[in-house]
Number of protein chains: 2
Amino acid sequence: MSGGRAERILELSEADAVVIMNSREPFLDPSFWYVSQVSGGLFESCAAVLRPGGTELIVSSMEAEEAEGASGTLRIYSNSEELDDLLHDALDGTSVIGVNYSRITLAGAERLRKAAGGAELKDAGKAIDAVRSIKDEDELERIGRACEIASRVAEELPAIIRRGMSEQQAAAEIDSLLRKEGSEGTPFNTIVAFGQNAAKPHHSPGPKILEDGMAVLCDFGASYRRYCSDLTRTMFAGEPREEERRAYEAVAMAQEQGVLAMNPGERASEPDRIARGIIDAAGFAGRFIHSFGHELGLSVHEGGVMSARSQHLLQEGMVSSAEPGIYIPGSFGVRIEDTVHIGPEGPRRLTSFDRSLTIL
Amino acid sequence: MSGGRAERILELSEADAVVIMNSREPFLDPSFWYVSQVSGGLFESCAAVLRPGGTELIVSSMEAEEAEGASGTLRIYSNSEELDDLLHDALDGTSVIGVNYSRITLAGAERLRKAAGGAELKDAGKAIDAVRSIKDEDELERIGRACEIASRVAEELPAIIRRGMSEQQAAAEIDSLLRKEGSEGTPFNTIVAFGQNAAKPHHSPGPKILEDGMAVLCDFGASYRRYCSDLTRTMFAGEPREEERRAYEAVAMAQEQGVLAMNPGERASEPDRIARGIIDAAGFAGRFIHSFGHELGLSVHEGGVMSARSQHLLQEGMVSSAEPGIYIPGSFGVRIEDTVHIGPEGPRRLTSFDRSLTIL
């Protein structure tokens, strides 16, 4: 890995320039922070223009102070005509502009086309993802801190989750603990799901009260200097039913074995294949309804996933969730998730908590 | 106002169909929830197809349970080929498809173009915004609840902000109180800015410690059944300097007079003109570096803004922030913000807190 972040993106994208463009919140491209290395600010309607001669950060006057010390030359605008002019100046003479098709709005792309006067747009998403997938030391340090914070909260869950509490109350307690432990807000909405709600992978915490015999699924993360962690722990309020116990053990084993396959050079489909095989063999075929994991960093979902359909290879420096699950609609769900770094020696769990079956 | 939400959007957009399409978090279009009237779920890579015959919700199998009871016919897919097939089926025979250019990614738009086989895309953003701008009773009820929650927290600020506390600690306390008062997470990252950090409108809370003589700016909101509130209160730790006091009084008066102009039929530029005039006259010309307000609802920023350049008229049923500010780089900042409903009788503040100068 040589050169700065912007240089590597430019090189891989094979474009004359790469433009990272933010719209209004929440349509902001985390690559803006990756390239500028700023850790604060909102930077709505701001852009980073990467060119071989260097990076220009086109920033609204409102964000000028936040952008001080950023990696790149600052250009400040006060209204949208000035923004268009600065884009035009920065892109003058380029014929192929790389943009991230998945992180720019159609309106942003149209604006860019106009400002660049007929230049061709090209999807630089894969180039950007490829560079961002391989975390550098500063990034691993930040992700590691975010993982430590989430792990401390995971260890406290048996002490804070009580019968009679609502999902919303439990989520509030988790969020409060995350902040107390040093998280900057929460990188995604904390999920707490009781009983049959745990069968919904993206359940929003509601008024449901924890009663004896229910599964308790908690999925949350911390944020440290803009970098994320992601962790899920499933427990039971009282003795689980036989089917729940079997599901828990299957998911725990699927996660264990899947993580062990997260080696540099391994196919990204392999951890999913292994985990799915274990879950199927345990009698839960068709109940693991998502992929084994997703990369994370500045975003809680970024880069590639580890699914049956993944075609790429795992590489040293990647950070990914490892989160098999079993979901029985109308009954219960189990998911166990860690954030894992693919190190030179193989998988390294950055989050940690007691993964043996926990009864509250 | 007649017909359902989808019907009104279709009518205004003058397209054969309108497609609302989610990408991966956070590139999700709140209009998906507006049209489907679901209040949970994540619905990544899901779409709502609005056609004269009715609305189809194309939803991944993972979200099928969350989508139960939604307004629209459910179509479930398990992989991306099935998603493309369902889009193709739903759009068969349409020649003009409305999409929200500001809320669809370029990748989403390209996918739609392919699935629809040559149909023309058209920006339906203004039509969607126009419908969503006028809040119905259910929406006003939810926004009102979100405002009450934020107001209760604003009233508690003088009790919880203490010298020796860091911005991050103060933000954590605010977030925790918001959840305790019933907020579902926080609709945007809470801003706490001390002293010269208050001069940065979008400051991220950091390790800065509150000391005597500093301004204390807190900007936060609550979320209730997906609807937001937005509120800013500025206070001072100890007696403010003369310039700070003058700035505070100017902002308070600018907000007061600006809000009074938020009447149905008034030009949307008028509150900004009035507030800016007051701030300029007080000797702070050029220090109010953003617009007077922005509409909010399902998103904390949506629809139109009230700025000097606004061309539209205010209408009954709109809900907007009213938030003039003065920012002196390297020194301090003041902002006072309420969420305001434009009712039939004129402006109605949905948030409330003591706006007189508060010394901690």
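Among A:GLU239, A:GLU256, A:GLU81, whose mean-square fluctuation peaks in a Gaussian network model of chain A (Cα, cutoff 10 Å)? Of A:GLU239, A:GLU256, A:GLU81, the Gaussian network model singles out A:GLU81 as fluctuating most. Karplus-derived 3J(HN,Hα) values for segment A:256-263, using 6.51 cos²θ - 1.76 cosθ + 1.60 with θ = phi - 60°, are 4, 6, x, 4, 4, 8, 7, 10 Hz; glycine and proline are entered as x. Probing with 1.4 Å while keeping every protein chain in the model, the per residue accessible area of segment B:1-119 equals 39 Å². Most simply put, the protein assembly as shown has about 75% antiparallel DSSP beta bridges, counting only bridges with both residues inside it. Just to confirm the number: angle between the C-alpha axis of helix B:80-91 and the first principal axis of chain B, 0 to 90 degrees, nearest 10? The angle comes out near 80 degrees. Counted over all Cα-Cα pairs of segment B:137-349, pairs farther apart than 27 Å make up 28 percent. Taken residue by residue and averaged, Cβ atoms of other chains lying within 10 Å of the Cβ of B:102-115 number 5. All other residues whose Cβ lies under 15 angstrom from that of B:PRO26 are scored, Lys and Arg at +1 and Asp and Glu at -1, for a net of -3. Per residue, the accessible area of segment B:137-349 comes to 35 Å², computed with a 1.4 Å probe over protein heavy atoms only. Per residue of peptide B:165-172, the mean number of Cβ atoms on other chains within 10 Å of the residue Cβ is 3. A:ALA159 label points, 7 Å along Cα→Cβ, one per copy: pairwise distances from this copy to the rest in nm, shortest first? For A:ALA159, the inter-copy label distances come out at 2.6 nm.
3J(HN,Hα) along segment B:191-208, derived from phi through the Karplus expression 6.51 cos²θ - 1.76 cosθ + 1.60 where θ = phi - 60°, amounts to 9, 10, 9, 9, x, 5, 5, 5, 6, 9, x, 10, 4, 8, x, x, x, 4 Hz, with x in place of Gly and Pro. How much net charge surrounds A:GLY317 when only the other residues with a Cβ under 11 Å from the Cβ of A:GLY317 are counted, with Lys and Arg +1 and Asp and Glu -1? Net charge around A:GLY317: -3. Placing a label point 7 Å from the Cα of B:SER95 along the Cα-to-Cβ direction, the distances to the matching points in the other copies come to 3.7 nm, shortest first.
Cα axis of helix A:270-279 to longest principal axis of chain A: angle in degrees, 0 to 90, nearest 10? So the inclination is approximately 20 degrees. Helix A:106-115 and the longest principal axis of the C-alpha atoms of chain A enclose an angle of approximately 20°. The residues packed around A:VAL251, meaning those with a beta-carbon under 14 Å from its beta-carbon, carry a net charge of -3 if Lys and Arg are +1 and Asp and Glu are -1. On the basis of the beta-carbon distance and an R0 of 35 Å, B:LYS114 and B:GLU7 show a calculated FRET efficiency of 0.80.
In plain terms, the chain from B:GLU243 to B:SER80 could stretch by 52.7 nm, reckoned as 0.36 nm per residue minus the Cα-Cα distance.
For chain B, a Gaussian network of Cα nodes joined below 10 Å ranks B:PRO187, B:PRO26, B:PRO201 by mean-square fluctuation, and the top entry is B:PRO26. Each copy carries B:GLY343; placing its label point 7 Å along the C-beta direction from Cα gives inter-copy distances of 6.2 nm, listed from smallest up. Considering only DSSP beta bridges where both residues belong to chain A, give the percentage that are antiparallel (nearest 5). Percent antiparallel among DSSP bridges in chain A is about 75. When every Cα-Cα distance of segment A:2-133 is counted in 10 angstrom steps from zero, the calculated P(r) takes the values 13, 51, 33, 2 percent. Put simply, when A:62-73, A:102-113 are sorted by average Cβ atoms within 10 angstrom per residue, most first, you get A:102-113, A:62-73.
The fraction of accessible area contributed by carbon and sulfur in segment B:137-349 is 47 percent, rounded to a whole number (1.4 Å probe; ligands and nucleic acids excluded). State, in square angstrom and to the nearest 100, the accessible area buried between chains B and A, both chains counted, probe radius 1.4 Å. What B and A bury together is about 4400 Å².
The values are calculated or read from the model by the stated rules, or taken from the named source; none is laboratory data. If you're wondering where the values come from, they're calculated on a predicted model, not measured in any experiment. Note: ideal-geometry Cβ built from the backbone for every residue, glycine included; neighbour counts use all protein chains shown. Note: areas computed on protein heavy atoms with side chains; ligands, DNA, RNA excluded. Shrake-Rupley method; radii C 1.70, N 1.55, O 1.52, S 1.80 Å.
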